[in-house]
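Reading through the structure tokens given below for one structure.
The values are calculated or read from the model by the stated rules, or taken from the named source; none is laboratory data. Remember, it's a predicted structure, so these values are computed and weren't measured experimentally. Here the Cβ positions follow ideal geometry from the backbone for every residue, glycine too, while neighbour counts run over all protein chains shown. Just the protein is used for accessible areas: all its heavy atoms, side chains included, with ligands, DNA and RNA removed. Shrake-Rupley method; radii C 1.70, N 1.55, O 1.52, S 1.80 Å.
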Amino acid sequence: MTLREAQDTVDHWIKTVGVRYFGELTNMAILTEEVGELARIIARRYGEQSEKESDKNRDLGDEMADVLWVLICLANQTGVDLTEALHKNLEKKNIRDATRHKENPKLTGNPTDVVGSGN
């Protein structure tokens, strides 16, 4: 499924099953909530916190899809074409970050070049 198809699919679902879009501010709050749920699972599954029993069977992909769903809703209701926006964003990153990450000692593995590394 392309981003355009995803936007069209979500729009169709909202208008036929969901009745209408929630307001943009409500969807922004829902997006924040969904990102929080995703962060909780990642923090506990991959971070230092122990995972609660109630979280062990949570589907990480489903949580990511919830975030994507609400983001698509916001894009649809604000007139953003996510395909076009992603293309523009990648172009911006390719120009701005052409050498930035390659020259970052934190990423290249040379800890002596990292300020505050204790060396």
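Criterion first (over 15 Å from the mean Cα position of the chain (by Cα), farther than 23 Å from Phe22 by Cβ, polar (S, T, N, Q) and in a loop (DSSP other than H, G, I, E, B)) does Asn57 satisfy it?
Against the criterion (over 15 Å from the mean Cα position of the chain (by Cα), farther than 23 Å from Phe22 by Cβ, polar (S, T, N, Q) and in a loop (DSSP other than H, G, I, E, B)), Asn57 qualifies.
State which residue is surrounded by the most Cβ atoms within 10 Å (Cβ to Cβ) when the search covers only region 61-81 and only residues that are within 16 Å of Trp13 (Cβ to Cβ) and aliphatic (A, V, I, L, M).
Filtering region 61-81 for residues that are within 16 Å of Trp13 (Cβ to Cβ) and aliphatic (A, V, I, L, M), the one surrounded by the most Cβ atoms within 10 Å (Cβ to Cβ) comes out as Val70.
Return the residue satisfying two criteria in turn: it lies in region 99-119 and is of a type in the set (A, V, I, L, M) and open to solvent by 80 Å² or more (accessible area, probe 1.4 Å), and of such residues it is modelled with the lowest pLDDT.
Step by step, filter region 99-119, then rank; the result is Val115.
I need the full set of residues from region 11-31 which are open to solvent by 60 Å² or more (accessible area, probe 1.4 Å), within 16 Å of Leu71 (Cβ to Cβ) and in a loop (DSSP other than H, G, I, E, B), in order please.
Correct list: Phe22 only.
Let me spell it out: the conditions are (1) open to solvent by 50 Å² or more (accessible area, probe 1.4 Å); (2) within 14 Å of Ala6 (Cα to Cα), and Tyr46 meets all of them except one. Which number is the exception?
Just one mismatch for Tyr46, condition (2).
For region 57-112, give me each residue that is of a type in the set (Ser, Thr, Tyr) and more than 28 Å from Arg40 (Cβ to Cβ).
Selection gives Thr83, Thr99, Thr108, Thr112.
Go through (1) in a helix (DSSP H, G or I); (2) within 22 Å of Glu84 (Cα to Cα) one by one and return the number of the condition Met1 breaks.
Every listed condition holds for Met1 apart from (1).
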